[in-house]
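Just so you know, all these numbers are worked out from the coordinates, no wet-lab data involved. Please read all numbers here as calculations on a predicted model, not as lab measurements. So basically every Cβ, Gly included, is an ideal-geometry build from the backbone, and we count neighbours across all protein chains shown.
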Amino acid sequence: MAEKQRVIALGFFDGVHRGHGALLRTARELADERGAIAAAVTFDHHPRDLIRGEPTPLINTHQERAVIMKRYYGTDEVLVLPFDRAMMEMPWREFATHILSEQMGAVHVVAGHDYHFGYKGEGNVDRLREICGEMGIGCTIIPPVQMDGITVSSTYIRGLIAQGDMDRACDFLGHPHLISGTVVHGKQLGRTLGIPTANLVLPPNVLVPAFGVYATRVHVAGGTHLAVTNVGVRPTVDDSNQVTVEPWILDFEGDLYGQTMEVELHTHLRGERKFDALEQLQQEIFRNADQTRAFFARGEAEG
C-alpha cells in the first residue's frame with residue numbers, strides 16, 4: 001500500500017488547457033478538504049505514439065506540463081508514468097487497483113468526461129466510477145469546458161499554435177504557451193547587431209509554433225524578463241533550415257549558456273521573413289522590442 005494519500009487528476013494534459021484546469025482545481029480543492037496531496041498522473045509519451053507507431057506533435061513536454069500544473073493550479077505532485085507496451089496492454093481494472101489505489105494511494109480521482117484507460121481504452125468514466133465504488137475511492141467526472149461554443153481541447157489548440165494565432169491559443173489554454181530548452185551556443189551574429197540572443201533547440205516531437213516573432217516573457221537564472229523571440233530558421237542569416245527558438249532578452253546582460261530557459265509566448269508580432277540587409281533586420285527587431293514593451297505595459301495597465 002502507498003504511504004501517502006492522494007487526490008489524483010487523470011489525463012494526458014497536453015497543453016494543460018482550461019478543460020484540464022477544471023480537473024486540477026477540483027483535485028486541489030478535494031485534497032485540501034481531505035488533508036491529502038493534490039496530484040496529477042500523466043505519461044511520458046502520448047499513447048497514440050505506441051498505438052499508431054508515429055509521434056504525436058505535443059504542445060508541451062511532460063516537464064513543461066509539470067511546471068504549468070504547479071505554477072497555475074497549485075498541484076503538489078505530477079506523477080509521470082512510462083507509456084510502454086506493458087502499460088498499453090494493462091487491463092483497466094489492474095490500472096485502477098494496482099496503479100491508482102495500491103501504488104499511488106488514491107483516495108479520490110478526478111477525470112474528464114471522455115477519459116479512457118487500460119487496454120484498448122476499454123476503461124471509461126462509467127467503469128471508473130464502478131471500480132472506485134468497489135474500492136471505496138471517491139470519483140468526480142468533470143463535464144466538457146467550452147469557450148465561444150467550442151469544446152476546449154488539445155487538438156484545437158494545436159491548430160491555433162501551428163497557425164500562429166497565439167492570442168486565441170493562450171485564451172483557450174488559460175495561460176501563456178510555454179516552450180523551454182537549454183541555452184546553446186549560436187553564431188553570435190546578434191551581438192554584432194546589438195541584439196544578443198539566446199539560442200534554444202526545441203525538444204523532439206514538440207509542436208513548432210508558426211514561424212515568426214513573438215512578444216514573450218522568459219524565466220531563467222531565477223528571474224523573469226521580457227523578450228523578443230524568433231521561432232524559425234533565420235532566413236536572413238542562416239541557410240541550414242534548422243528550427244531554433246531565439247529570445248532576445250530586453251534590458252539583460254549575463255552568460256546563460258547551459259541553463260534551462262522557459263519561454264512564454266504571449267502574442268505573434270509578425271511572420272518570419274528574409275531581409276535584404278542586416279540593418280533592415282536590426283531595425284525591425286528594435287521595432288519588435290518596442291511592440292513587446294508596449295504589449296506588456298498594456299497588460300499591466302489592464303490588470
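Mind computing the radius of gyration and Dmax over the alpha-carbon atoms of the stretch 23-166? Å is fine for both.
15.7, 47
With a Förster radius of 25 Å, plug the Cβ-Cβ distance of residue 270 and residue 151 into 1/(1 + (r/R0)^6) and report the FRET value to the nearest 0.05. Numbers along the way, then the final one.
On the way: r = 31 Å, r/R0 = 1.24.
Efficiency computed from Cβ-Cβ geometry: 0.20.
Please list, ordered by chain and number, the residues whose modelled amide H lies under 5 Å from the amide H of residue 152; skip anything fewer than 5 residues away on the same chain.
The list, which skips near neighbours in sequence, is 145, 146, 147.
Using θ = phi - 60° and the Karplus curve 6.51 cos²θ - 1.76 cosθ + 1.60, what whole-Hz ³J(HN,Hα) does each residue of the stretch 255-262 get, with Gly and Pro shown as x?
After applying 6.51 cos²θ - 1.76 cosθ + 1.60, I find 8, 10, 4, x, 8, 8, 10, 9 Hz.
Work out from phi, with θ = phi - 60° and the Karplus expression 6.51 cos²θ - 1.76 cosθ + 1.60, the ³J(HN,Hα) of each residue of the stretch 66-79, listed in order in whole Hz, and give x for Gly and Pro.
With coefficients 6.51, -1.76 and 1.60, one gets 4, 4, 5, 4, 6, 6, 9, 10, x, 5, 6, 9, 10, 9 Hz.
Would you pull out the residues with amide H under 5 Å of residue 270's amide H, same chain only if 5 or more places away, H placed 1.01 Å from N?
For residue 270, whose amide H was placed from the backbone, the distant partners under 5 Å are 213.
Out of all Cα-Cα pairs in the stretch 100-194, roughly what percent, to the nearest whole number, are more than 15 Å apart?
Working: 3299 of 4465 pairs.
Counting every Cα pair in the stretch 100-194, those more than 15 Å apart make up 74 percent.
So what's the stretch 252-303 giving for Cα Rg divided by 2.2 N^0.38 Å, two decimals? Don't jump to the answer; show the numbers that get you there.
Values: Rg = 14.3 Å, N = 52, 2.2 N^0.38 = 9.9 Å.
Compactness ratio reported: 1.44.
log₁₀ I(q)/I(0) of the chain at q = 0.15 Å⁻¹, via Debye over equal Cα point scatterers, no solvent, to two decimals?
Calculated log10 I(q)/I(0) at the listed q: -1.14.
I'd like the isolated cysteines in the chain, meaning no second cysteine's beta-carbon lies under 4.7 angstrom from theirs.
By the Cβ distance rule, which asks for a partner under 4.7 Å, the isolated cysteines are 170.
Test of understanding: express the Cα radius of gyration of the stretch 1-94 as a ratio to 2.2 N^0.38 Å, with N the residue count.
1.12
I need the phi-derived Karplus couplings for the stretch 279-288: 6.51 cos²θ - 1.76 cosθ + 1.60, θ = phi - 60°, integer Hz, Gly and Pro marked x.
3J(HN,Hα) across the stretch 279-288, in whole Hz: 5, 5, 4, 4, 5, 5, 5, 4, 5, 5.
Counting only helical runs of four or more DSSP H residues, what would the 222 nm mean residue ellipticity of the chain come to if each run contributes -39,500 (n - 2.57) and the total is spread over all its residues? Walk me through the numbers on the way to the answer.
Values: 9 runs with 97 residues, N = 303.
Result for the chain, helices only: -9500 deg cm²/dmol.
Non-local amide H neighbours of residue 197 (under 5 Å, H modeled in plane, Pro and chain starts lacking H): which ones?
190, 191
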